[in-house]
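*Asks:* The structure is given below, and queries will be raised subsequently.
The values are calculated or read from the model by the stated rules, or taken from the named source; none is laboratory data. Just so it is clear, the model here is predicted, and its values are computed rather than measured. Glycine gets a Cβ as well: all are built from the backbone with ideal geometry, and neighbour counts include every protein chain shown.
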Amino acid sequence: MTDIVIRVARPDDAGPLSVLGWETFLDTFVKGFGIPYPEEDLATFFAQSYTPEAYARVIADPSRRVWLAERGGEGVAYVTAGNNALPHPEARPGEGELKALYVRRELHGSGLAPRLMDTALAWLDPEGGRRLWLGVWSGNLRAQRFYARYGFHKAGEYEFPVGRVRDREFILRRG
């Protein structure tokens, strides 16, 4: 694990992040969980969220941060954070959100996810006490257990759009 470097993403990382993000999304949800998203919905979701242009906008947004984990110059994981945008009645302006955390399957259990989580939390809540949020697919029990170790608990639910498909997502909160 010492051969993996975590750094803040730069504008020229948008293309590689697009590839890494899409591959880890497909590996997690389509291959791993076997969710049968129709191809048309996957294409729509990719166009909305996973293009190099979409990542370039996130990287350029001063209210957000993206960290890329690399091994030998190749992206193997990433995490994004920013201001909370989850639809919860108790959410308030200025609260933070862990937007995404993906690790290539071959590195699951390596300790990389906690390193990324610690990095994002240190940026989101440097002095402690800030209310933080995240969304997680209702069927991803492993991720839910991981987030619980960081003090996140279920605070609600919402529908997350993947094209026309609506996934049942849990809203987790800390603080």
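*Asks:* Which of the following residues is modelled with pLDDT under 95 and over 16 Å from the mean Cα position of the chain (by Cα): Glu70, Glu74, Glu90? Even if it seems obvious, please write down each step before you answer.
*Replies:* Details: Glu70 fails: modelled with pLDDT under 95; Glu90 fails: modelled with pLDDT under 95.
Checking each option against the conditions leaves just Glu74.
*Asks:* Follow-up. For segment 77-87: of the residues being of a type in the set (A, V, I, L, M) and under 19 Å from Asp118 (Cα atoms), which is farthest from the chain's Cα centre (by Cα)?
*Replies:* From segment 77-87, those of a type in the set (A, V, I, L, M) are 77, 79, 81, 85-86; that's our starting set.
Pick out the ones that are also under 19 Å from Asp118 (Cα atoms) and you get 77, 79, 81.
Numbers: Ala77: 10, Val79: 5, Ala81: 8 Å.
Ranking the qualifying residues of segment 77-87, first place goes to Ala77.
*Asks:* While we're on this one: Return the residues of segment 24-50 that are touching a residue at least 40 places away in the same chain (Cβ under 8 Å), of a type outside the set (S, T, N, Q) and within 24 Å of Arg142 (Cα to Cα); say none if nothing qualifies.
*Replies:* Within segment 24-50, Phe25, Asp27, Phe29, Gly32, Phe33, Ile35, Tyr37, Leu42, Phe45 qualify.
*Asks:* Quick check on segment 116-154: of everything there that is without any contact (Cβ under 8 Å) to a residue 24 or more places away in the chain and acidic (Asp, Glu), which residue is nearest to Arg71 (Cα to Cα)?
*Replies:* Per the stated criteria, the residue is Asp118.
*Asks:* Could you please let me know if Tyr158 is among the hydroxyl-bearing types (Ser, Thr, Tyr), more than 16 Å from Phe25 (Cα to Cα) and surrounded by fewer than 16 Cβ atoms within 10 Å (Cβ to Cβ)?
*Replies:* On the way: among the hydroxyl-bearing types (Ser, Thr, Tyr): yes; more than 16 Å from Phe25 (Cα to Cα): yes; surrounded by fewer than 16 Cβ atoms within 10 Å (Cβ to Cβ): yes.
In short, yes.
*Asks:* Being polar (S, T, N, Q) and over 17 Å from Arg164 (Cα atoms) is the filter; apply it to segment 21-79 and report the residue that is surrounded by the most Cβ atoms within 10 Å (Cβ to Cβ).
*Replies:* Applying the filter and picking the extreme gives Thr24.
*Asks:* Name the residues in segment 1-19 that are of a type in the set (A, V, I, L, M, F, W, C) and in a loop (DSSP other than H, G, I, E, B), would you? Reasoning before the result, please.
*Replies:* Step one: of segment 1-19, the residues of a type in the set (A, V, I, L, M, F, W, C) are 1, 4-6, 8-9, 14, 17, 19.
Those that are of a type in the set (A, V, I, L, M, F, W, C) and in a loop (DSSP other than H, G, I, E, B): Met1, Ala9.
*Asks:* When you check Tyr150 against the structure, is it more than 16 Å from the chain's Cα centre (by Cα), among the aromatic types (Phe, Trp, Tyr) and more than 18 Å from Asp27 (Cα to Cα), yes or no? It would help to see each step written out before you state the result.
*Replies:* Values: more than 16 Å from the chain's Cα centre (by Cα): no; among the aromatic types (Phe, Trp, Tyr): yes; more than 18 Å from Asp27 (Cα to Cα): yes.
So Tyr150 fails the test.
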